[in-house]
Each structure stands twice: as structure tokens, then as C-alpha cells.
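**Student:** Sharing a structure here in C-alpha cells format.
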């Protein structure tokens, strides 16, 4: 289990995260939602120790992440940022770097096999020899995901993992994340802007506003009142089977006015 206790972070005198506490469990996807500037990406970077919180604790399986060595942190925590590294490596080489925490000088046959298996699973096998810096945005994002999947960590942190993907690839990636979370009993945290997409695939939701946690809910806790509080827009919720869609009234009204 991942446990966050009273986490706060500041850039100088500007508070970005204030007194954040929550828990995340294995085998589930936790989506972090909120408007731009609410602290979503900063939260993930604090969990990876790229940024050092001003106060608070981050515990993974009851152990403080702050006490981990760099090698141990790389084995336990995998992270995909919004801005991806496009170093002039082949896709295969880039994904193999996800195995680096497990070998010193040379990758083993097992390491190479894990890379090949993951590339096939993500539909990237045909691109294995192509340089990463020659991929499309969507292909690059899938290669980054492949890299963290071969890392076989306990905690997977993804910052806007579907932002560069078309609808078909969004669905494929999010279904894959659901499967991987359950198969490997992983803790998966991801940030998303699209509530309609998040609500289809995440199990639980954290809602941030101006650096404060204003909601920690399951799907049925995403009420119109909570969404309006966070985003400042009135919404209607339409339910169809297990799927929930949000319709922003102002946009709907605007469309009616132009008919």
C-alpha cells in the first residue's frame, strides 16, 4: 500500500501542495484530477523524490521512500513524465533502460526477453529498431510506457499517459493498465484531464484544487456538486450501464445558441 501523510510542497514562498493525505492500494488505478495548476504533476514528482516535500511522509509498504537508495527507488517506483525523453536510442534500447536497475554491466537473456514481450504486448515490435526521436507523439508515449512496464516496479506513476494518443490507442493503453495493475498487483497513479476517460478506467479519484485535496472518492462519489467545486463549471451526469459521462452545461448551452 502507498500511504501519503500530510504532504506539502512549495516553490519558494508559493505553496503548491498543502497537507495532502491519502492511501492507494494494489491492483487498482487511482486517477488524480483537477484543473491546470492544481498540483497534479507536482504531486507525482514528490512521490518519486524528484521534488522534496516541505513536510509530510510517503510510505510504500510501510517503508519511507525518502530513505530509499537511488537503486532501490528505481526498482520500486516507475515514473512517466508529461515531457518525454527523446534521446537518440532505438525503441528496443530505450525500453531496455527500464531493466537497468537489475543489471550492472550487461543485460541478461531474461532482461532481453522481457523487453521483447512488452514490445509485442504494446504493438511496438515492428518499431523496435527505429530511433525514439523519429516516432510520432503517440508512439513515443507508448514506448515510454513499455519502458516502465519492464521495470516491474511496485508503484507506477503516469503523468497524462494518454495525452498524445488517439481514441483507439487511449482505450488500448488504459485497458492494458487495468490488466497490468491486476495481474501484477501494482499500485497505479495517473493524472488526467479528461474526466470522461478517467471515469471509465480508474477505480478511485483524487480531486485537487489549488494544491488542496478536496475529494477522495470512488466512482459514485463523483457528484455534480464536487465536479463544479473543483472545475468551476456546472455539469450534468448521465449514466449508461457502468459508464458515466459528464456534460458541461455551458458548452451545451453555447451549442444550442448557435443552432
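The values are calculated or read from the model by the stated rules, or taken from the named source; none is laboratory data. All figures in this text were calculated on a predicted structure; none of them were measured in a lab. Please note: Cβ atoms are built from the backbone with ideal geometry, for glycine as well, and neighbour counts cover all protein chains shown.
**Student:** Taking region 125-135, which residues are without any contact (Cβ under 8 Å) to a residue 24 or more places away in the chain and surrounded by fewer than 14 Cβ atoms within 10 Å (Cβ to Cβ)?
**Tutor:** First, the residues of region 125-135 that are without any contact (Cβ under 8 Å) to a residue 24 or more places away in the chain: 125-126, 134.
Scanning region 125-135 gives 126, 134.
**Student:** Quick test for you: out of 51, 47, 122, pick the one residue that is under 24 Å from residue 187 (Cβ atoms) and touching a residue at least 60 places away in the same chain (Cβ under 8 Å). Steps first, please.
**Tutor:** Details: 51 fails: touching a residue at least 60 places away in the same chain (Cβ under 8 Å); 122 fails: touching a residue at least 60 places away in the same chain (Cβ under 8 Å).
When all the criteria are applied, what remains is 47.
**Student:** Within region 15-38, is even one residue assigned to a strand (DSSP E or B), free of Cβ contacts under 8 Å to residues at least 24 places away in the same chain and surrounded by fewer than 20 Cβ atoms within 10 Å (Cβ to Cβ)?
**Tutor:** Step one: of region 15-38, the residues assigned to a strand (DSSP E or B) are 15-24, 28-33.
Next, from what is left, pick out any that are free of Cβ contacts under 8 Å to residues at least 24 places away in the same chain: 23.
Filter once more, so that each one left must be surrounded by fewer than 20 Cβ atoms within 10 Å (Cβ to Cβ): 23.
Scanning region 15-38 turns up at least one residue that is assigned to a strand (DSSP E or B), free of Cβ contacts under 8 Å to residues at least 24 places away in the same chain and surrounded by fewer than 20 Cβ atoms within 10 Å (Cβ to Cβ).
**Student:** In region 52-74, is there at least one residue being within 21 Å of residue 113 (Cα to Cα) and buried (at least 16 other Cβ atoms within 10 Å of the Cβ)?
**Tutor:** Within region 52-74 (the criterion being within 21 Å of residue 113 (Cα to Cα) and buried (at least 16 other Cβ atoms within 10 Å of the Cβ)), the answer is yes, since at least one residue qualifies.
**Student:** Taking the stated definitions as given, is residue 105 at pLDDT 90 or above and either surrounded by 15 or more Cβ atoms within 10 Å (Cβ to Cβ) or more than 17 Å from the chain's Cα centre (by Cα) (or both)?
**Tutor:** On the way: at pLDDT 90 or above: no; either surrounded by 15 or more Cβ atoms within 10 Å (Cβ to Cβ) or more than 17 Å from the chain's Cα centre (by Cα) (or both): yes.
No, not satisfied.
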